[in-house]
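Participant: Please see the structure below; I have some questions.
The values are calculated or read from the model by the stated rules, or taken from the named source; none is laboratory data. Everything numeric in this text was worked out from a predicted model, so none of it was measured. Every residue, glycine as well, gets a Cβ built from its backbone with ideal geometry; the counts of neighbours run over all protein chains shown. Surface accessibility is based on the protein's heavy atoms, side chains included, excluding ligands, DNA and RNA. Shrake-Rupley method; radii C 1.70, N 1.55, O 1.52, S 1.80 Å.
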Amino acid sequence: MKTHFIFVTVILSILFACDNKPVAKLTLSGLNPTKFQTEINNAHTALYILKNKTGMEVCITNFGGRIVSIMVPDKSGKMQDVALGLDNIDDYINIPNNFGASIGRYANRIAQGRFVLDGDTIQLPQNKHGHCLHGGPKGWQCQVYDAQQIDSATLELTYFSPDGDENFPGNVTAKVIYQLTNDNAIHINYKATTDKKTVINMTNHSFFNLSGDPSKVSTNDILYINADYFTPIDSTSMTTGEIASVKETPMDFTIPKVIGQDINNDFVQLKNGNGYDHNWVLNTKGDINQIAAKLTSPESGISLEVYTNEPGIQIYTGNFLNGTVTGKKGIIYNQRTAVCLETQHYPDSPNKKDWPSVVLEPGQTYNSECIYKFSVEK
């Protein structure tokens, strides 16, 4: 009888345990961290959560060094997710996208995927209109970074890119350090070293919708760019080599204006980019203490200020989002539902000798900084 009682008790305990499996704790943005756990080429992926003392949360996966979500308060104090992204690692792997990615080796475009370095012609993959875009189809946004969470607000990501990676020269060790500060700013510091002369240009490719509702367009947001000049593009989105004044053109954001005010104008640059998809030449001259750009949502009151030591910033208004991608919370990402603010050297700089150099030599350390600072305007 006693044996029977023990047997029944054990069975009931097992059944109870099966019916009460631990439920994964969701992030403030509603993400399930277990959905970001997998293995790619013997490297493990995960979701890392940064928090500050004011309650802001930033979620990052080491697959591509991607920011997956950013939770900040709006003008009513409600927390809003202002970054487009996907809610599981499988979608990040299988759906072509750059949401939130740490781009490398070379952000933006290199003409015909070709440049000359010390007399040697380097031929890179041609993955967009005959050009090399964002380091090629197997750029760092598609690789797994080694991750070390330093503390609750700091994540250090490291990636080793071997000589010949997408045909870029040199063994490069790159780091991306994300730090969330108590004044609601995301500090991003990129560092890299090489054992052979190479080129490098890293950036973050977050898609921001400051309303917190990416089912709505971002063309009602107000944009300021601290730049009197920009680099025009041709019909393949390649820079022409010209540095042109923004004065009396739709490219002028020196006085803040609504993004949609001129975006559909009959202006060749807007036609070439299908909207805004251009590099602006910053007036800041590498001074990270000067504001480079500011984006504000009148609806939510959320503002985003951008600071950088880079000479340029690429503004992209989500012109090629087309409703084929379903993001977090089942929201379909349609055209112009986000704005990217990518701090960088100018596109195709390896082929533009008069532009700021992107060459990195042995013994040097590449150092690029970007600050995304959030606040509320009531």
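Participant: With unit charges on the beta carbon (Lys/Arg positive, Asp/Glu negative), name the residue among 345, 153, 227 whose Cα is farthest towards the positive pole of the charge dipole of the chain.
Facilitator: 153
Participant: Suppose R0 equals 51 Å. What FRET efficiency, 1/(1 + (r/R0)^6) with r the Cβ-Cβ distance, do residue 248 and residue 76 give to the nearest 0.05?
Facilitator: According to the calculation, E is roughly 0.85.
Participant: Under a Cβ-only charge scheme (Lys and Arg +1, Asp and Glu -1), can you give me the dipole magnitude of the chain about the Cα centre, in debye to the nearest 20?
Facilitator: In total the dipole reaches around 860 debye.
Participant: In straight Cα distance, which aspartates and glutamates are under 19 Å from residue 128, not counting same-chain residues fewer than 8 positions off?
Facilitator: 165, 166, 234, 277, 342, 348
Participant: Taking the Cβ of residue 112 as the center, what net charge do the other residues with Cβ under 15 Å away carry, scoring Lys and Arg +1 and Asp and Glu -1?
Facilitator: Overall, the nearby charge balance is +1.
Participant: Among all the aspartates and glutamates, which ones have a C-alpha under 19 Å from residue 35's C-alpha, if same-chain residues fewer than 8 places away are not counted?
Facilitator: Here the aspartates and glutamates satisfying the reach criterion relative to residue 35 are 57, 81, 87, 90, 91, 146.
Participant: Carbon and sulfur: what percent of region 299-378's accessible surface (1.4 Å probe)?
Facilitator: Of all accessible area on region 299-378, carbon and sulfur atoms account for 47 percent.
Participant: Report, in listed order, any pair from 75/216; 78/294; 216/373; 247/373; 75/257; 285/353 with a Cα-Cα distance greater than 24 Å.
Facilitator: Table pairs above 24 Å Cα-Cα are 247/373.
Participant: Let me ask something else. What percent does the relative contact order of region 269-378 come to when contacts are Cα pairs within less than 8 Å and at least six residues apart?
Facilitator: Reported relative contact order: 28 percent.
Participant: Can you tell me the orientation of helix 2-19 relative to the chain, as the angle in degrees between its alpha-carbon axis and the longest Cα principal axis, to the nearest 10?
Facilitator: With rounding to tens, the tilt is 20 degrees.
Participant: Scan the chain and report its longest stretch carrying no GluC sites (Glu not before Pro) that are both in a DSSP loop and have at most 13 other Cβ atoms within 10 Å.
Facilitator: Between exposed loop sites, the widest span is 1-241.
Participant: In nm, give the distance between the simple-model label positions of residue 90 and residue 149, each being 7 Å from the Cα along the Cα-to-Cβ direction.
Facilitator: That separation, rounded to one decimal, is 2.4 nm.
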